Amino acid sequence: MTPAPAPPGPWRYQAVRLVLKALVSAYVRTNVSGADRIPVSGAYIICFNHPSWLDPIFFAACWPDRSRLVYIFGPREQDMSVGIRNRLITWTRRGVPFKPHAQDVSDLTRRTLAILRTDACVAIAGEGRLSDREGAILPLETGPAHFARLARVPIVPVAIVGSRWVHLGSRVSIRIGEPVEPHEFGRGRDAARAMTDVVQERLQGLLQDVVEREPPGWLGRTVSEAFNDRPWLHEPDADPRGR
């Protein structure tokens, strides 16, 4: 059995959360709704929409569950020792990085299941890449359902609203939906697809009243787009899911 990655430790985990919370609070207003829908005990998978590179930061800073560690699935990188952002993610021990083109899918599955077996949680951007619109999600991949069924843990759909374009004083909301339980589905790929479809429906329902925002001024656009990578918008042959 693959051991879980070394946990961040309580001081490192809380230090990262508090620093990110202070940075987030200095720039935007945040609120969380539906916290009572979080499972009372045990591990779970968070499946969220992904309009911005900032989304993992909002999770790390604002997720209301203080009783369990929350790991962030990603980033997709060949070498995590390259770049300041990747080195910071490695230091926090909160990431679950993976290689492009599904080079390490078996190892990634083992690492993810090992984390869930410790009653920690994993937050996954179910679309598989950045979305282009905040109020509509792309078709979800079946990976979260695959992990959930293997680990026998629920998937909690979570919508992030307001992160696509942020500016000083803007509002970012985290909306938590009803969990989807794996035991309600059968086995095999069809069951994983059926579970994914239910997660997609609940996640889209959390976004039904969202109105797309206009891009802000120079500072807001700079912050909003700092690490966003959308090559498919200007490179016709680019694979939008990084495969």
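The values are calculated or read from the model by the stated rules, or taken from the named source; none is laboratory data. The shown structure was predicted, so the numbers you read here are calculated from the model rather than taken from an experiment. Don't worry about glycine lacking a Cβ; one is built from the backbone with ideal geometry, like all the others, and counts go over all protein chains shown.
Observations on the model:
- In the set (1) without any contact (Cβ under 8 Å) to a residue 24 or more places away in the chain; (2) in a loop (DSSP other than H, G, I, E, B), the condition left unmet by L108 is number (2).
- Residues satisfying the stated conditions in segment 171-227, i.e. farther than 18 Å from S131 by Cα, of a type in the set (A, V, I, L, M) and touching a residue at least 40 places away in the same chain (Cβ under 8 Å): I176, A191, A192, M195, L219
- Check on L168, in contact (Cβ under 8 Å) with a residue 40 or more places away in the chain and either closer than 29 Å to S41 by Cα or surrounded by fewer than 21 Cβ atoms within 10 Å (Cβ to Cβ) (or both): yes
- Search result, residues across segment 137-154 that are touching a Lys or Arg at 6+ places or on another chain (Cβ under 9 Å), farther than 26 Å from P215 by Cβ and hydrophobic (A, V, I, L, M, F, W, C): A145, A151
Yes/no per residue for (1) at pLDDT 95 or above; (2) out of contact with any helix residue (DSSP H, G or I) (no Cβ under 9 Å at 6 or more places or on another chain); (3) crowded, with 16+ Cβ neighbours inside 10 Å; (4) polar (S, T, N, Q):
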| residue | (1), (2), (3), (4) |
| --- | --- |
| G128 | no, no, yes, no |
| S131 | no, yes, yes, yes |
| A136 | no, no, no, no |
| A148 | yes, no, yes, no |
| V153 | yes, no, yes, no |
| P157 | yes, no, yes, no |
| V161 | yes, yes, yes, no |
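Rundown of residues vs (1) charged (D, E, K, R); (2) at pLDDT below 95; (3) crowded, with 16+ Cβ neighbours inside 10 Å; (4) out of contact with any Leu (no Cβ under 7 Å at 6 or more places or on another chain), yes/no style:
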residue: A6; (1), (2), (3), (4): no, yes, no, yes
residue: P10; (1), (2), (3), (4): no, yes, no, yes
residue: V16; (1), (2), (3), (4): no, yes, yes, yes
residue: S81; (1), (2), (3), (4): no, yes, no, yes
residue: I84; (1), (2), (3), (4): no, yes, no, yes
residue: R87; (1), (2), (3), (4): yes, yes, no, yes
residue: V96; (1), (2), (3), (4): no, yes, yes, yes
residue: H101; (1), (2), (3), (4): no, yes, no, yes
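- Positions within segment 177-219 being in contact with a Leu (Cβ under 8 Å, 6 or more places away or on another chain) and buried (at least 18 other Cβ atoms within 10 Å of the Cβ), in sequence order: G177, T196, V199, Q200, L203
- Any hit, segment 48-55, residues being assigned to a strand (DSSP E or B), at pLDDT 95 or above and among the aromatic types (F, W, Y): yes
- If the condition is being touching a residue at least 60 places away in the same chain (Cβ under 8 Å) and more than 18 Å from G74 (Cα to Cα), then segment 130-155 contributes D132, R133, E134, G135, A136, I137, P139, A151, V153, P154.
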